[in-house]
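Each remark here refers to the structure printed beneath this line.
The values are calculated or read from the model by the stated rules, or taken from the named source; none is laboratory data. Predicted model, so just to flag it, every value in this text is computed and none were measured. Note that each Cβ is placed from the backbone with ideal geometry, even for glycine, and that neighbours are counted across all protein chains shown.
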Amino acid sequence: MPQPPALTAEQRQAALDKAAKVRRERAEVKEKLKMGTISLADLLARADSDETVGKMKVLSVLESLPGLGKVKARRLMEAAGISETRRLQGLGANQRKALLDATSKS
């Protein structure tokens, strides 16, 4: 198995800073979902243009919605035919519609 490329100290620090920034942004998005300041429909629309949002896992986004916990989120994904490892940008039109329909009923 090949080794990853050796990074200089500056490159490593830049990568760490970028990762921390992305984690903060994702945490903010999930908090906004919990508070209701952003809807799932808005987030799905943003996933196509915003790389940070697009690379969020569907399961973690659903778990952030009010009234949906780990079990309900997994059941919802299973009913919609979505893998637990799927990311927002990888959802098809039918999967997005199924999620929006199911979450609007809750």
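Yes or no, residue by residue, for (1) at pLDDT 90 or above; (2) out of contact with any Leu (no Cβ under 9 Å at 6 or more places or on another chain); (3) more than 27 Å from Q95 (Cα to Cα); (4) surrounded by 11 or more Cβ atoms within 10 Å (Cβ to Cβ):
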site: M1; (1), (2), (3), (4): no, yes, yes, no
site: A9; (1), (2), (3), (4): no, yes, yes, no
site: L16; (1), (2), (3), (4): yes, yes, yes, no
site: A19; (1), (2), (3), (4): yes, yes, yes, no
site: V22; (1), (2), (3), (4): yes, yes, no, yes
site: R26; (1), (2), (3), (4): yes, yes, no, yes
site: V29; (1), (2), (3), (4): yes, no, no, yes
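Flag: L91 matches the condition of being surrounded by 15 or more Cβ atoms within 10 Å (Cβ to Cβ), more than 16 Å from K30 (Cβ to Cβ) and more than 10 Å from the chain's Cα centre (by Cα). Only one of the numbered conditions (1) closer than 21 Å to R24 by Cα; (2) under 15 Å from the mean Cα position of the chain (by Cα); (3) at pLDDT 90 or above is not met by R96, and that is (1). The residues of the stretch 63-86 that are among the acidic types (D, E), surrounded by fewer than 17 Cβ atoms within 10 Å (Cβ to Cβ) and in a helix (DSSP H, G or I) amount to a single one, E78.
Does the stretch 3-23 contain at least one residue that is among the polar types (S, T, N, Q) and within 15 Å of the chain's Cα centre (by Cα)? No, every residue in the stretch 3-23 fails to be among the polar types (S, T, N, Q) and within 15 Å of the chain's Cα centre (by Cα). The residues of the stretch 12-43 that are part of a helix (DSSP H, G or I) and of a type in the set (G, A, S), listed by number, are A14, A15, A19, A20, A27, A41. Contact list please: Cβ distance under 6 Å, first residue in the stretch 22-45 and without any contact (Cβ under 8 Å) to a residue 60 or more places away in the chain, second residue among the basic types (K, R) and surrounded by 12 or more Cβ atoms within 10 Å (Cβ to Cβ), pairs at least six apart or on different chains. These pairs meet every condition: I38/K32; L44/R96. Counting only residues that are small (G, A, S) and closer than 21 Å to A27 by Cα, which one in the stretch 60-88 is nearest to the chain's Cα centre (by Cα)? By that ranking, first place goes to S60.
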